[in-house]
Amino acid sequence: MKFTAIPLNEAGNEAYICEFEGAANVENDIVAALGSQLDVILEQGVRWAIVDFSNVLFISSAGVGTLLSRRRKFRKSNGDLILCNVSEEIMYVLKELNLVDHMRIVPNCSEAVKSISAASASQQSV
């Protein structure tokens, strides 16, 4: 299982899309790789990250904690961490934990890119 981050051309160097290669259970080593990759992105000055859950079957509490803590860091840099393609099963878990309001979740990657473009435009006009 591998987790990769790819720069988004649409957003210059300010956004990355992060993907899990192959079917993934986000626990143990994957949580560490996810946290490390997001930290590297933040250290490079990237303000936006989209995490594509297309291939995610399960996420542990540690994985959820990693996403929440990294989201706080992205928000401090006037960006955000956005989840997309989240399965019904994972949405159910997030709802049961009352975390849906604490995560930015959109239906798919194109919606995530649109939300970044809209947020960046509104920040530039301020």
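Every number here is computed from the coordinates shown, using simple stated rules; none is lab data. Predicted model, so just to flag it, every value in this text is computed and none were measured. Positions of Cβ are generated from backbone atoms using ideal geometry, with glycine treated the same way; all protein chains shown enter the neighbour counts.
Rounded to the nearest 5, what % of the DSSP beta bridges within the chain are antiparallel ones? Intermediate values should be presented prior to the final figure.
Details: 6 of 22 bridges.
Here the antiparallel bridges make up roughly 25 percent for the chain.
Could you give the size of the charge dipole of the stretch 7-80 about its Cα centre, using +1 on the Cβ of each K and R and -1 on the Cβ of each D and E, expressed in debye and rounded to the nearest 20?
Numbers: 7 positive and 10 negative charges, 95 e Å.
With only Lys, Arg, Asp and Glu charged at Cβ, the dipole is about 460 debye.
Using Cα centres only, tell me the gap between the stretch 84-124 and the stretch 45-69 in whole Å.
11 Å
Modelling each spin label as a point 7 Å along the Cα-to-Cβ direction, I'd like the Asp39/Glu88 distance in nm, to one decimal.
Inter-label distance under the simple model: 3.8 nm.
With +1 on each Lys and Arg Cβ and -1 on each Asp and Glu Cβ, how big is the dipole of the stretch 65-126 about its Cα centre, in debye rounded to the nearest 20? Provide the component values of the computation, followed by the final result.
Details: 9 positive and 6 negative charges, 88 e Å.
In debye, rounded to 20, the stretch 65-126 gives about 420.
Cut-off 18 Å, label point 7 angstrom out along Cα-to-Cβ of Ser61: give me the residues of the stretch 74-107 whose amide nitrogen falls inside.
90-100
Taking a temperature of 4 °C and a viscosity of 1.567 mPa s, what whole-number D in µm²/s does Stokes-Einstein yield for the stretch 2-110 with Rh from Kirkwood over alpha carbon pairs? Write down the numbers at each step before the final one.
Working: Rh = 13.7 Å.
So the translational diffusion coefficient is about 94 µm²/s.
Return the long-range amide H neighbours of Val51 (sequence gap of 5 or more, or a different chain), with a cut-off of under 5 Å between placed amide H atoms.
Cys18, Ile82, Leu83, Cys84
Give me a comma-separated list of calculated 3J(HN,Hα) values for the stretch 107-120, in order, Karplus coefficients 6.51, -1.76, 1.60 applied at θ = phi - 60°, integers in Hz, x for any Gly or Pro.
x, 8, 5, 5, 5, 5, 4, 4, 5, 5, 4, 5, 5, 5
Grab the DSSP H runs of the chain that are 4 residues or longer, score each as -39,500 (n - 2.57), total them, divide by all residues and round the 222 nm result to the nearest 500 deg cm²/dmol. Please report the intermediate quantities before stating the final value.
On the way: 4 runs with 56 residues, N = 126.
Estimated from H runs of four or more residues: -14500 deg cm²/dmol.
Once you charge only the Cβ atoms, +1 for Lys and Arg and -1 for Asp and Glu, what is the size of the charge dipole of the chain about its Cα centre, to the nearest 20 debye? Intermediate values should be presented prior to the final figure.
Details: 11 positive and 15 negative charges, 101 e Å.
It works out to roughly 480 debye.
Could you tell me which residue out of Ala32, Asn55, Phe74 lies farthest along the dipole of the chain toward its positive end? Charges go on the beta carbon: Lys and Arg +1, Asp and Glu -1, centred on the Cα centre.
After comparing all options, I get Phe74.
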